[in-house]
Each structure stands twice: as structure tokens, then as C-alpha cells.
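The values are calculated or read from the model by the stated rules, or taken from the named source; none is laboratory data. Just so we're clear, the structure is a prediction, and the values are computed from it rather than from any experiment. Ideal geometry is used to build each Cβ from the backbone, glycine not excepted, and the neighbour counts take in all protein chains shown. Accessible surface is based on the protein model in full, side chains and every heavy atom, while ligands, DNA and RNA are left aside. Shrake-Rupley method; radii C 1.70, N 1.55, O 1.52, S 1.80 Å.
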Amino acid sequence: MKGLPVLSLLLWMCAVYFVGIYLFVGGFLLVRLEVNRTSTCGDVLQPGEEPVDFCRVQPRFRRAVLLIIDALKIDFAWFDPNNTAPRPYENKLPVLEETVSSRPSHSRLYPFRADPPTTTMQRIKGFTTGSLPTFVDVGNNFASSAILEDNLIHQFGQVGKRVVFMGDDTWENLFPKKFHRSLPFPSFNVKDLHTVDNGILQHLYTTMVGDDWDVLVAHFLGVDHCGHRFGPDHPAMADKLTQMDGVIRSVIDRLHNDTLLVVMGDHGMTDTGDHGGESQKETDAAIFLYSPSPLFPGPPSQSEPDVVPQTDLVPTLALLLGVPIPYSSVGQVLLPLFPPHGQTEGAVGRLSQLEALWINAKQVNRFLETYSGMAKDIPPESLSQLKRQFSRLSSEYLSSVRAGRSPSPQLAASLQAYLTSVRDTCRATWARFNPLKMVVGLAILAFACLTCFVLSELSPALIRENAPGLTAPLVVALAAGACAAACQLLARGYVEVAWCLAAAALSSELLFLWRARRRGGTAAAVVPTDKNGSKAPKRAAWLTPCRLLIPPLLVPLLRCASLLSDSYVIAEGRAVTFLVFSLALYIPVHLNWDGLLLPPIHDPLKAAGFLPPAAPSPSTVRRESGVLLACLGLLVGSLYLSLSFHACREEQGSCQPSPFLSPLSRLQDSQLKNLHYVLSVFSLGLWTYLLRRCLRHYGNLNSSGGTAFAAHWVLPLLSVCLALHWAVSATPDDSFRNLAELIGLAQLALPRAAFCLVALGLSLIWLDPLTVFVKTRGRAGRGRASPLPPPSYRASTGISPQAELHHLIPQIYQRMRRSMDDGGGELSGAGEVDSSPAVKAYGLGTVYSAPLLLFCGLLGIGLLLLHPEGMALSFLLLLLEMGALLHIHASSTNLSSLHGTYSGGFNVPWTPVVLWSLAATQFFHATGHLPTFPSIQWGAAFVGFPDGHTGTLLPASLVTLNTFASHILFAAGCPLLLFWPLVCEVRGSRGARACGEEGEDAVMEMRLRENPQQFSSALLQLSTRYLFLLGAQVFASVCAAAILRRHLMVWKVFAPKLMFEASGFLVSSVSLLIGVSLVLRVDVAVGRWFKRLVPDASR
């Protein structure tokens, strides 16, 4: 078997996919590092050497009311008296313009610009922390969606201000236990325009007239929901804006002189009512500032800003209310709210513009120094320039203060310029899509899918002795990568590795496709015929629509198209279950349509000898059909029961999560806890029994090698360890107090012992994978330990020793297989005397599938250890579904072969491969997982490590194994689809025997060694088909994220789905490579075993 070409092609294909994912994710996901430090009242930010308690200075305002009208677009806030025919969203908030016109010293209305992504959660982070939030904020606590960075809510609490919140329940998740009083209302149902707003109005006015608050936050959602449901140009929007106008008027009437009112939107909306992207319609909201006492020195002037960045609200509110500016804020104080320098005499708690700018600039510089020490993503030249700029401004300001002279008028402008530069640098670094990277990533993934499909269809031609390998594509890839690096050095002075990888991947893909197109026409013509004498289809055959648009390929196409819909992504678990059921049902329907499911009708012409006699026996056909239908029933039952283990997304309001998702330690009812434990242990025991029963049935437990040892001892010990760990973990803390120390030790030792057993078992399988036992007449032992005498058969002397060995292997097996029945047989050549020892070989027919099956079984129990105990039943269903799919595939192949219609050699059709890939996704959901970050089972990181970890690699690995357990098992077990039809082949179909029966014509998996080239091409085709299906799902998720990047649900549905799909592909591809490598390892071991049988063959 040609293992190296197979592995090299698969590695290259996976690498190309990885590069495409890396490029797109690098351009799409907005990432920055969180700085988890907080500002304090004692920070020395004002001029002077002595520390000053900033919070003890009387603030300008004692109270503040923040009215957040979600999606309050600036167009909604403007008022045009000349507009006689306003649209539904125009001129509906006249209170803003009336107040600004009548009381210019008390109010202002500005455009309020948000930074993308324009989603509510990210915007709340923006105007409370002053930072530029992105989709992925890398902090220390991955399990929580709470804001960990310093923020206004935290600072208000630190100085004793009572914060009362009402409205969108997103605040409650972002600031848990931070409010003096909280009245959250559910926010997800966008069709509900009134529940949140009416709930706020029931408490808003009564709260304002009370005296138990200092900061009041009210977040209205009706305008946003109206936009999503109807769009802005709808009468419902007019009604909702009119309601908000009345709310603002009522709040203004109830304000005191020491209170500041801020009315603002968190983002805008498009003409269709959506948001999330970076268009001006989405980023430009409105902000209205008002106070009964004079707030501004006079009417609006030319020096006032045209647009207020959203981050500027944070330092402005902090200084006006007398709290420190949050540590990570990069905002700039809104200068018109502060009097010019030298005009603060007699004003209580007033900072001048220059003092406010200095405090702001020093705080921003402190953050910049801290962040640049932790992360290296800010360009060094920009960083050094900003440091030099602040050093110069600091010297100028401090020297003027110490000298007692008035600073120059240009200093304020210079400080503003510095703050703007810092914000622009951070924005350029953190909060921007990279369209070029996204497009290049999409192109690489599209070509990767095409290349993978072509590779799967041309695999027989690519495995030929003289077939062109990967040398030319790799050389071109290296050259292209070097050229890209040189061009970057010449143009920019530095090299970005992403573009070098992109050039290498694209060039290698294009060269491969070009060579495949050139050689495709002639390659198929020289593909060796299969055992039935039929040739592989020519290139034109598999490029026709009739061959491409077949039901097995239409199903993944339908699934990929569904990834463009948030509703289908939300309901993906049930949708994929339906697709598995539908495609599985298609198999018997298709067989029956072709007349293959039932025995053929007796034809008198065939009986009279006018036609060839019918090959299949009716009993054999009925048995295979019965097996297929029984396994189909088992599959349907497993699918139905697996729905009981699904978790619930936040968007599925009426959904109830599976009770099996909760650990036993959380169950209060002791009877229910005992029932769950018994079910879990029973499922684990049945898993172990079925694995051992299957291996024993095919004679794979008779040897004394490492794999058999793992099956005999490691597997049951691992199961016992797991059952004991569950029992100890379910013990309440307040019971068995005398044994508390022992229980604590068991909670630490048992899972670690299980990890060690899994590692031991997998290592034994890899190091000693053979499960073949050879027994001679006078002496029993393993064939590897006791080489048999060579047979008298010899090839002609004109053949080289290596060619002679290749020729001898099938001959040896043909002689050995005669001794596999109970009567025994002899290994003898023509004319050899009867004194040769009789030979019995056990497990040779399943020499490839047995170690792979045990490998997946041990790995499955190890992955189950990382899940809640109740998932044992789900893992058992996974095993049953795997077995059902394998037997359905084997039976359908046998039925086709019995009727003489199967001519695919060892090639695995698309239908079982598609079912296998869909089952991996289906059991991702059936093991309690969802493509959302809150659903990640973080407890897996602490299995065996209750006291935590010192690093992040091990807990991240454990969580990854937990999350993608189904992907790992199905990808590693994918080669079983190639082996199982051979294990269960029927006599007469390929000159073999019935499944589980011993007969003269039994060949089973040894047929693969008789045809090493077809074995290699079939394994390559199966692997590339599976990779193609996984890659197509990733490509669909990438397209959905790119096309719908301005969709309402992009950061809640599509971006998490993309990340889970990409991570699942990475894990699945690595697992597939491990499974294929194990098959190649077994093949090498089998070859060595045969060499020991014929010691003189390699001379």
C-alpha cells in the first residue's frame, strides 16, 4: 500500500483549508486583549506631586439619568419644520429640537458615532468602558459574558453611587450584581415592541421622584424591535418614536438642577432595520444632553464637534459625576461641557477644559503603556510616535503649572490631537474588517473545495506508479510564498506571514487543478480495472450534472444553503437529524427502485438456459435486506432518542434543556440521582460489552499483543474507573464528612487514572496494532514470535525478491485462509508432503478494522469522562448509530454486488460518507453542545484538576475534546466505511462469504492486500470525500458570515457558527489524519508479519 502519497496529499489538502480559514478569520473577527486593571480615586492624574483623592472633590452633578433608546438613529432625532410631508421616522421627536432651540445653554444634540460591530452588547461595552470592543475580547474569564474591564458601572459602585437599572436584560448579563436595584425585561423577541418599554414606564417616573438612586439607566427596545420587524419607514415606527418623545418630555419635567440627562442611541439602522456592520447608517446614532442648570457656556459655536464618538461619553460622564475615568478608556472628554481655562472661579466642582484634557490624556497614556506591554499588535512606529508626543505635551503643561503661568492656547488643541491619535491608532488596530483578507480567504476555501472534489474523483489516477506527485505544487507554493515575502519587504519594509501563506496556497491549488484538467482525460483511461473488469468512470462522467446533482450530494448542498439562515442555524440540531433520517431512508427506497431489495422473480428463460443463471440466492438477499431494514430501524430509534439530549439556545424561548445535561451532584432528588447513575453505568457497561463482543466475534481477542491486552484489561478497567468517578463526584459535600479527605483524593485520582488508562490503551494500539493469532499443529503461539516454515511455492527466478514478496502475499493468504475453518487446514504447496504443520489464523479477516474500532472505543470512553454523567446514554446511542450506519452501508453494498450492479471496487459511495459527516454534526448537538459560547461546557477543564491549572494549554485542550467529541470519533472512525463492507461481504458478491459465517471463499479485509493500489486509492478517495464535505460546511459558514456581516444576528449566530465550524474542521481533519495513519500503521505491521512467514522471500 502506498501510504506516503495518501498522507502527503491529505496533509497538503488540510493545510490549504487551514490557510483559507486563517486568512478569512483574520479579516473577519475583531480581536483585542482586555486589560483587567481598574482606576482608583488615588491615582495621581492632576498636576502636583502629592496623591489626591479625586473622588472627594465635589462633582459638578450629583445625579444622572441615562435614557438609552436602542437604535435611535440620528435621522430620527433631527427636526425639519419645512418638511410638510415627513416619512414615518421623521419629525417624531420634536422635544429635542425644541429644547435645544429654547434653552441653548442647557442642551445639545449631536450625532453619536459607534464603532463596529454595531450590536447592542458590544455597544454597551463601548459606552461603559470607553474602549473599542470587538467580537472576541480575550480576557481571563472565558466562561462569562460579563464585562471584566474597568467600566462606569463599576466606578459608580466604588464611590458609593446607587445605580438603578431597568430595561434590556443584556445589562444584567454584562454587569451581574452591580446594580443597587435592577428591573430587567426579556429582550430577544424582536416581534414584541412594547413589553420592555411598558415595563420601564411602570417604574421610571416613580423611581425618579424617589431618593434611593444616584444614577438611573433605562434601556428602551421598542424602536429597535420595530426596525427589525417592520423597518424604519413604517407607521409603527412613527407610533414608537412619538411614545419616546413623550417619555423624554416627562423625564425633563422631573429633573432637578443637580441632575444630568443623557438621551442616546447605541447604534443606528439600515433602511431595512438591520444593524451590525460599519455603514454610516448603522454607526450614526444620536445623543442629547440636558440639565436644568446651565450646562454649556452659550449657544453652539463653530468649535463644537460635528460628531461625538461613542467612546467620548465615558470620560465625560466620569469627570462630570466625580469618578475616575475607567482604566481602558480611549475616549476624549466632550470639551464644550467644560469651561475654558481661567473661567472656573466660583464654580463648584468644575474642571476647566485644560484640566479635563490633562487628566484624560494622562489616563489614556497610562493605558497605552500597559497595553503595549501586554500585547504587540499596535505598530511600533505609531507607539513610539505617541509616546514622544505625550512626553512633549507633559513637559509643556507641567512646566507652565509649576511656573504659575497660563498655558499656551495651542496646548489644548495639541492634547486633543494626541487623544484623537491614540483613538485612531487603536481603532485601526482593533475595530475594522479587512475585506481583502476576507476575499482571499474565501477564494482559497472555494478552490480548496474544488481541489478536494477533483482529488476524490481522480484518486485512482493519482496513486499510479508514474502519477505526478506533489513535488511541483509544493515547489511552486514555496516560490510564490518567497515572492510574496520579497514584495512585502520592498513595499512595506516588513513581512506579514498571512500573505505568504495565501500566495503559497493559491498557487499550489491552481497548479494542481490545471494539471488535473490536462491529465484528467488520459488519466481515467489508464486506471486499472476492478475485479469485475469494469473501468473507472472517465473525467467527463463525473463532471456531468446527472452525476453531480445526485441525492447524496444534494443533501449536503441543502445543508450548506441552510447555514445562510439564522433560523436554521438556531434549529440545526433537529434539521440535521431530519437530514440523516431522510438520506438513510433514501437507501432502501433507491435499492427497491432498482429492484435490488427483494429476491429476483423466477424467470423461466434463465431456468431453461437461454439467459445466464441468477447469481444471488433468495435467502441471502432476504437476509441482507432484513439486516438493512433492522439497522435502519435501529438508526431511526437512535435518532429519535438522541433528541432527548439537546441543549437550548437563548433564542429558543420555550425550549427545555435535557435533564441529562446536569451533573449528578446538582440533582436534589436522591431517587432520580440513583436512576440517572444506574442508566449511566448501564450505558457504559453496554458500550464496553459491545466492543469486546464484536472483537471476540471476529477472533481478534485470541492474540497476546498490545491491542488485545488493551481490549482485555484496559477497556474494562477504564469503565470501572469512570463508574467510580461518577459515584464519587455525585456524593454531596455534607455527607460522609469523616471520609471527606478520602473522597477528595478519589475525585483527583480516579479521573487522572482514567486519563492514564486511555493514554496507555491508545499507545498499545498504535505500537502493536495486530490482532492476529496463528496456531500450528504441534505448537501454539503468535505468528510473529514463531515464524512458520516457508511454503514450497516459489516465483520464477526472473522476478526480483521484492516483486516476489508482493506476489507471494496473496498466495500465502489463499493457503492460510483454508485453515481458518474449524476443521483446520494445511499450509502446503503443490507436491508438498503432509508433514507440514497445520495452521489456524484468527482475526486476519478484520486485521484493519479491529484496532481502529478499539481505538475509537477507548477514545470514546475518554471523551465521555469529560462530559456530564448523563451523556453516557447519548454516547451509547452514538455507538449504536455508528454500527447501524456501517451495517446499512455494508448491506446495501452486498445487495448491489449480489445482483451484479456494484462495480466500484473498494470505493465508498457518496451516500454513506454524507451520512457519516451529518451524524458527526447531529451528535454534536446530541451530546449537549451548541455553536454558541455560553453553551461551552467549561467544567470539562476541571475534570481531574479540581484546583485549577497553572497554564491555559491543558484546560483549552480538555474543553476542545469535550466540545468536539463527536467530530473526533466520526473522523477517526471514517476508514471503517471502507472496511465494513469487506467484513460483512456475502458469498458470491465478491467471491467471499456471509457476514459472520466461515466459508471456503472468505477473504474479507485481506482482499485489500491483494490489491494495494486500489486499497490506497479507495482510502484516499474516502478521506478526501469526507474532507470535502467538512470543507463545504466551513465554506458555507464563511460565506454566511461574509454576506450577512451587517445582519442583526451576525455576532450572535453567524460568527459563533463560523468559529465552531472552523474549529470543528480543524479537529476533524486532525482526527481523520490520525485514523488514516493508524490504518497505514496496521498495514505496515501486516506487511512485516507476512515477511516473518516467508523469511526467504526478501533475500
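Observations on the model:
- One residue stands out among those in the range 569-586 that are open to solvent by less than 20 Å² (accessible area, probe 1.4 Å) and of a type in the set (Val, Ile, Thr): the one that is farthest from Pro909 (Cα to Cα), which is Val569.
- Tally, over the range 348-384, of residues that are touching a residue at least 24 places away in the same chain (Cβ under 8 Å), assigned to a loop (DSSP other than H, G, I, E, B) and either charged (D, E, K, R) or under 20 Å from Ser39 (Cβ atoms) (or both): 5
- Helices (runs of 4 or more DSSP H) wholly inside the range 847-939 containing at least 2 residues that are open to solvent by 20 Å² or more (accessible area, probe 1.4 Å) and in contact with a Phe, Trp or Tyr (Cβ under 8 Å, 6 or more places away or on another chain): 871-898
- Residue pairs whose Cβ atoms lie under 8 Å apart, separated by 6 or more positions or on different chains, with the first residue in the range 481-501 and farther than 21 Å from Met438 by Cβ and in the same structural domain as Val439 (by the TED database) and the second at pLDDT 90 or above and surrounded by 16 or more Cβ atoms within 10 Å (Cβ to Cβ), are Ala482/Cys500; Cys483/Ala503; Ala485/Cys500.
- Within the range 1-34, considering residues that are open to solvent by 40 Å² or more (accessible area, probe 1.4 Å) and small (Gly, Ala, Ser), the one nearest to Arg1007 (Cα to Cα): Ser8
- Selection within the range 1035-1061 - of a type outside the set (A, V, I, L, M) and open to solvent by 10 Å² or more (accessible area, probe 1.4 Å): Phe1035, Cys1039, Arg1045, Arg1046, His1047, Trp1051, Lys1052, Lys1057, Phe1060, Glu1061
- Some residue of the range 236-253 being closer than 18 Å to Asp192 by Cα and in contact with a Pro (Cβ under 7 Å, 6 or more places away or on another chain): yes
- Options Asp137, Asp211, Asp192: the member that is among the charged types (D, E, K, R), modelled with pLDDT under 90 and open to solvent by 40 Å² or more (accessible area, probe 1.4 Å): Asp192
- Against the conditions (1) over 21 Å from Thr316 (Cα atoms); (2) modelled with pLDDT of 95 or more; (3) open to solvent by 10 Å² or more (accessible area, probe 1.4 Å), Gln280 satisfies every one except (2).
- Meeting the requirement of 3 or more residues that are in contact with a Phe, Trp or Tyr (Cβ under 7 Å, 6 or more places away or on another chain), the helices (runs of 4 or more DSSP H) wholly within the range 153-266 are 195-209, 235-253.
Conditions tested, residue by residue: (1) modelled with pLDDT of 90 or more; (2) hydroxyl-bearing (Ser, Thr, Tyr); (3) touching a Pro at 6+ places or on another chain (Cβ under 6 Å); (4) under 25 Å from Ala920 (Cβ atoms).
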{"position": "Ala647", "(1), (2), (3), (4)": "no, no, yes, yes"}
{"position": "Ser665", "(1), (2), (3), (4)": "no, yes, no, no"}
{"position": "Asp669", "(1), (2), (3), (4)": "no, no, no, no"}
{"position": "Lys673", "(1), (2), (3), (4)": "no, no, no, no"}
{"position": "Leu701", "(1), (2), (3), (4)": "no, no, no, no"}
{"position": "Leu722", "(1), (2), (3), (4)": "yes, no, no, yes"}
{"position": "Val728", "(1), (2), (3), (4)": "no, no, no, no"}
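- Selected residue [touching a residue at least 12 places away in the same chain (Cβ under 8 Å) and in contact with a strand residue (DSSP E or B) (Cβ under 7 Å, 6 or more places away or on another chain)] from Gly699, Gly705: Gly699
- Applying the condition of being buried (at least 20 other Cβ atoms within 10 Å of the Cβ) and modelled with pLDDT of 70 or more to the range 593-631 and asking which residue is farthest from Phe933 (Cα to Cα) yields Val621.
- Counted residues, the range 27-57 - those being more than 14 Å from Ala318 (Cβ to Cβ), in a loop (DSSP other than H, G, I, E, B) and at pLDDT 75 or above: 6
- Taken over the range 305-333, the residue count meeting the criterion of being in a loop (DSSP other than H, G, I, E, B), more than 21 Å from Thr40 (Cβ to Cβ) and open to solvent by less than 10 Å² (accessible area, probe 1.4 Å) is 0.
- Annotation: Gln747 fulfils all but one of (1) under 33 Å from the mean Cα position of the chain (by Cα); (2) at pLDDT 90 or above; the unmet one is (2).
- Which listed residue is surrounded by 18 or more Cβ atoms within 10 Å (Cβ to Cβ), among the basic types (Lys, Arg) and closer than 25 Å to Trp430 by Cβ, from Lys376, Lys362: Lys362
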